[in-house]
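These notes concern the structure reproduced below.
The values are calculated or read from the model by the stated rules, or taken from the named source; none is laboratory data. As the structure is a prediction and not an experimental result, all values here were calculated from the model. When we count neighbours, we look across all protein chains shown, and the Cβ atoms used for this are built from the backbone with ideal geometry, even at glycine.
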Amino acid sequence: MINLFEVIETNNMIEKENLDVRTITLGVSLLDCIDGDLNRLNKNIYDKVTRIADKLVATGQSIEKELGVPIVNKRISVTPMSLIGASACKNEADYVTLAATLNRAAKEVGVNFIGGYTALVSKGMTKGEETLIRSIPEALATTERVCASVNACSTKTGMNMDAVRLLGGIIKQTAEKTRENDSFGCAKLVIFCNAPDDNPFMAGAFHGVTERDAVIHVGVSGPGVVKTALEKVKGTDFETLCETIKKTAFKITRVGQLVAQEASKRMGIPFGIIDLSLAPTPAVGDSVADILKAMGLEQPGAPGTTAALALLNDQVKKGGVMASSYVGGLSGAFIPVSEDGGMIEAVQVGALSLEKLEAMTCVCSVGLDMVTIPGDTTEEAIAGVLADEMAIGMVNQKTTAVRIIPVVGKTVGEVAEFGGLFGYAPIMPVNTFGCKDFVERGGRIPAPIHSFKN
């Protein structure tokens, strides 16, 4: 039983250590909106999203005020639009109207992002799914609040290299269409392996087809809280280090559980999951990189970084899972470059490379996140980076993802500016040796042998 005394205990964490609930995300099924007529489909989508989410922002604000817990974002995820639009959408322009409708609904209810402009193509692409993917650059360039994602790989089905090769070009086109804002459109596009159906975090959130009609998910945060706790146990052994992280993660997650239960009760919508992820921001004292430093590293990227991150990720899960009835989503530690002041510094001083980041993704919560690269990076090179990251997820039976931004007009040594929670990022070099002949082979990389569990 959770009570307000548990929240009172966290006052210090909130006031001095940047503890917050990063997002309340309302998942909404649009399966009952499907219609063969495009106009009716758009109306159905708008009407359902605005009806279900009408009180989401007000509910979040009232909980924030009453409990004193900052709730940074209120967001919506919907059923993958490649499924919803398959009957009515005959071309890319038709799908873009769905993106416009989602954007309009998000504005109406006051959320900052709506996720679910999504295609699930890990084994193959239908004509409708390919059409949606090809529409992504225009959809993201003409909307402010819509987020897109593509699941191109899974441990069970293997890697769809036709989709991966196509997505290399889609990322380049999205960058070009949003070049006036440092190619920011790519910050709203995530390519997944093993995408979870219940992820509350953008830009990769979508409402899975196995979910209820509507559900409340909550993503907690608090890297600053963990860092402060670890500073008190400097020089101790690994057992003490692990226990400290677990106990801190438990307290952070209890706050998220309380917020989720309150939001569920007040909106009359079932509680889904708590995502335990440590999600950093550019703010001072809110950095996963700083946790790694508190564990004993001079900079992220130093020898021992992957081991430290593996320990952190595991202990966060072990502590958090005991504090909530249902844990899901991504749950672990995020290592986005632009959204973490410590990661930015590590890149700037030469401690952290793209290759080391990739190694770290073997043990972290997601993958290559908010990484900026030169605008003249080829489509084939981007597809190769995607394939590498997908392979890590596929073979290790975990979620991996790529949010990579080829910043048009900029090169290594320059900085991309995004602002707000998205921060800024130094442009990172990409290996210039070619992979064109490999990524253009076409077809599918088979699932690993250990995927056969029956």
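Miscellaneous remarks
- Filtered residues of the stretch 214-267 (kept if of a type outside the set (Ser, Thr, Tyr) and free of Cβ contacts under 8 Å to residues at least 40 places away in the same chain): ALA229, LYS232, VAL233, GLY235, ASP237, GLU239, GLU243, LYS265
- Among the residues of the stretch 355-391, those that are among the hydrophobic types (A, V, I, L, M, F, W, C), crowded, with 19+ Cβ neighbours inside 10 Å and assigned to a helix (DSSP H, G or I) comprise LEU357, MET360, ALA381, ILE382, ALA383, VAL385, LEU386, ALA387, MET390.
- Against the list (1) assigned to a strand (DSSP E or B); (2) of a type in the set (Phe, Trp, Tyr); (3) under 30 Å from GLY296 (Cβ atoms), the condition PHE201 fails is (1).
- Residue match in the stretch 419-427 (condition: surrounded by 14 or more Cβ atoms within 10 Å (Cβ to Cβ), part of a strand (DSSP E or B) and among the aromatic types (Phe, Trp, Tyr)): yes
- Residue within the stretch 3-21 that is modelled with pLDDT of 90 or more and either among the aliphatic types (A, V, I, L, M) or loosely packed, with under 14 Cβ neighbours inside 10 Å (or both) present: no
- Selection within the stretch 87-119: residues that are aliphatic (A, V, I, L, M) and touching a Ser or Thr at 6+ places or on another chain (Cβ under 7 Å). The member of this set that is farthest from SER149 (Cα to Cα) is VAL109.
Okay, residues lined up against (1) within 27 Å of SER277 (Cα to Cα); (2) assigned by TED's automatic domain parsing to the domain that holds ILE170; (3) of a type outside the set (Val, Ile, Thr):
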site	(1), (2), (3)
ILE382	yes, no, no
ALA401	yes, no, yes
GLY409	no, no, yes
PRO426	yes, no, yes
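- Flag: ASN112 matches the condition of being at pLDDT below 95, polar (S, T, N, Q) and either crowded, with 23+ Cβ neighbours inside 10 Å or not assigned by TED's automatic domain parsing to the domain that holds LEU386 (or both).
- Matching residues in the stretch 153-184 - criterion: being over 18 Å from the mean Cα position of the chain (by Cα), over 18 Å from THR378 (Cα atoms) and hydrophobic (A, V, I, L, M, F, W, C): MET159
- Lone qualifier among ALA187, ALA289, ALA249, ALA260 - being surrounded by 22 or more Cβ atoms within 10 Å (Cβ to Cβ), within 13 Å of the chain's Cα centre (by Cα) and not aromatic (Phe, Trp, Tyr): ALA187
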